[in-house]
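Worksheet: the structure to be examined is printed underneath.
Please treat every number below as a calculation from the coordinates, not as lab data. Everything numeric here is computed off the predicted structure, so don't read it as measured data. When we count neighbours, we look across all protein chains shown, and the Cβ atoms used for this are built from the backbone with ideal geometry, even at glycine.
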Amino acid sequence: SDHMENIYGYLMKYTNLVTGWQYRFFVLNNDAGLLEYFVNEQSRHLKPRGTLQLAGAVISPSDEDSHTFTVNAASGEQYKLRATDAKERQHWVSRLQICTQHHTEAIGKNNPPLKSRSFSLASQGSANSPGAQRRPSQNAVSFFNVGHHRLPTGRRVPIMQPDHLVDVREMMSQAEGQQRDLIRSIECLPASGHLTSLDQDLLMLKATSMATMNCLNDCFHILQLQHASQQKGSLPAGTTISWLEPKISLANHFKNGAAQNFPAEINKPASVREEQSIAEPCQLTREPEEINPDEELEDICDDKEDDLGAVEEQRSVILHLLSQLKLGMDLTRVVLPTFILEKRSLLEMYADFMSHPDLFVAITNGGTAEERMIRFVEYYLTSFHEGRKGAIAKKPYNPIIGETFHCSWRMPKSDVATDAGTNSSAHSPSEQVTLPKDPEGQAEPDYYTVKFVAEQVSHHPPVSGFYAECVERKMCVNAHVWTKSKFLGMSIGVTMVGEGVLHLLEHGEEYTFSLPCAYARSILTVPWVELGGKVNINCAKTGYSASINFHTKPFYGGKLHRVTGEVKQNMTNTVVCRVQGEWNSVLEFTYSNGETKYVDLTKLSVTRKRVRPLEKQGPFESRRLWQHVTESLRDGDIDKATEHKRALEERQRNEERLRAETETPWCTKYFLKDGDGWVYHKPLWKTVSAAQTQQTDSN
């Protein structure tokens, strides 16, 4: 072929977390089927620093950006490379793919597929079994020639026309059936022996075959769109075609946490249904603890989650785990390996979303209902960046039932934005409500305090409740979240089902809001997180609402982490503010008067939370509960961390079993069931209401 020429040039190669990206001189040797690299062009005559056999390799453009791509050799070795721009990446990828295909087909001719390997491993254990017939010289390329069907020599493949899509659908249905047969055959292999169901090559085949079929279905969908566009006219310029992610409407699944009929819920044992079987809200039997913010100290813990060493070392474990999963499977009951865990609980992650308390407190200082809604949108969009610890997708600990987390933030009053020309309160003096003062009569501090408490109120389904309040500004937020995880092939989707309500008691306003879905992408290579879905913020009293879209990266074109939104007055249907940008980078707010405001999230000051020392925490508080797991992860001792994690999970199972046997319902500590949701037992709106009643009586 004219395209089979040797090419060379500089590319950036990812080495490790310490060294990072480095420029290296790469040479594609088409004759030998090798990709070689050298320190620089001058050392090209020396021995290569590294060499990859391209026969059987997979060349994959990365979905992280338009410059990066990976070369995955059949041996398991991988190069992660980056070109200077999208055009150069395409040049390298196309030449590498041509070379790879040429040498893979050459090996296929020299090593034809074994007859007993055509999607049927029923003969395992016999002399004709694949394990017995696998020659020492047989490499991974020929091993993966499973059921390939060759066209007769000289027969040309016709150009696919749109009206042939029915035939394509039929072929794909057959391939899906063969893939299912293959998986079943592999799983029927013995657990020990010459060829087992845990063979690394077979695990790789299982893990990737599901993703391949999913990808083919997405491509088929794109062909259908193209067919439709040819009938109605071409697609408009700039059109992007997205991957087929599950389009989950939070409103259709849950309204304020109300469960719909999920198939996985039907056959639950009594121990799993116990939280849902209580007709009346359970009274608190464990006395809630009043946490004194003065006992809390500024947090010095800074566990950045950028270490991928453990993930690389445990690749076979990940493959084995993925091979057991099916597309759409609920991961709630799947025990994930310890090395992919963050060093914090999910309850603490919710607290980290409050790391800009100055923006939170400033919401109530808005002089108009319009400004308060815009301020809430600004705070909401800035909360997700700090909630993630680093760019790598790791999973926080699953809280055990009854687990709690407490913290607080302090910020100088001078740091909180006020509204020019207006009072900090929108009420007249006669409407002011005075909360009970400290009996010791201490002077008013020059800082605001935001207190936070979270509790795992249910195990199946996993539901967390969290509550934050600023007493001085008479504002609080109450929320409950059910995290539903699903396996999507080469990614994992997490739906944050539930609802939150922000109460601005000075204005008598309530803002209801939901949370976006999260996706862990590229779980076989370098996992990363993106958010997706549409969320709504509404204030019934003022008639203002906000609609925010978190955009997942399209299949073709588009940017990462993009978010767009608008704030409108529902009565007049007038848009008063538009926002666009990236939720982890820069946001642009455009107001109805033509003004524009930019918020750089990477430069926003972060207020460190205040947490009690471990020795003062209760046994069910997150950091004390998980302290041994966290310490082991910091030390890099995965086995020890797994042992401690297993002990906690086993204790939870035993306690759950005991409650089922004795028919004892679980009772929460800080949150009470309220209809379909969960509400903090002592919310600020009750305290203010009681204070108002007391003042009225005294008058």
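Lysine pair count for the range 8-110 (Cα-Cα distance under 27 Å; residues 8 or more apart in sequence or on different chains): 4. When the trypsin sites (Lys or Arg not before Pro) in the range 491-543 are filtered for DSSP coil states and for at most 13 other beta-carbon atoms within 10 Å of their beta-carbon, the remaining sites are K541. Legend: distances between Cα atoms for K206/K395; K640/K673; K541/K597; pairs beyond 32 Å are K640/K673. Rounded to the nearest Hz, the phi-derived 3J(HN,Hα) couplings of the range 188-205 under the Karplus curve 6.51 cos²θ - 1.76 cosθ + 1.60 (θ = phi - 60°) are 7, 5, x, 6, 9, x, 5, 10, 10, 5, 9, 4, 4, 4, 5, 4, 4, 4, where x marks glycine and proline.
Taking the alpha carbon gyration tensor of the range 563-602, multiplying each eigenvalue by 5 and rooting it gives semi-axes of 22, 11, 5 Å, largest first. Computed from phi, the 3J(HN,Hα) profile of the range 49-59 under the Karplus parametrisation 6.51, -1.76, 1.60 (θ = phi - 60°) reads 5, x, 9, 10, 6, 8, 4, x, 6, 10, 9 Hz, with x in place of Gly and Pro. Between the amide H of V576 and those of V567, K568, Q569, distances stay under 5 Å, these residues lying 5 or more places away or on another chain, with hydrogens modeled in the peptide plane.
Normalised by the number of residues in the range 8-110, the mean separation of alpha-carbon contacts (under 8 Å, six or more apart) gives a relative contact order of 22 percent.
Peptide packing for 587-595, 5-13, 76-84, 625-633 was compared via the average number of neighbouring C-beta atoms within 10 Å per residue; ordered from the highest value, the list is 625-633, 76-84, 5-13, 587-595. Amide H contacts for G9 (H built 1.01 Å from N in the peptide plane; partners 5 or more residues away or on another chain; cut-off under 5 Å): F26. Sorting 35-41, 548-554, 454-460 by their mean Cβ neighbour count within 10 Å, with the most densely packed peptide first, gives 454-460, 548-554, 35-41. Here the Karplus relation 6.51 cos²θ - 1.76 cosθ + 1.60, evaluated at θ = phi - 60°, turns the backbone of the range 532-549 into coupling constants of x, x, 10, 10, 10, 10, 9, 10, 5, 5, 8, x, 8, 9, 9, 10, 10, 10 Hz, with x for every Gly and Pro. Under 5 Å from the amide H of W583 lie the amide H atoms of V563, each residue being 5 or more positions distant or on a separate chain, with H modelled from the backbone and absent for Pro and chain starts.
Each of the peptides 185-193, 512-520 was scored by the mean count of other Cβ atoms within 10 Å over its residues; in descending order, highest first, they stand as 512-520, 185-193.
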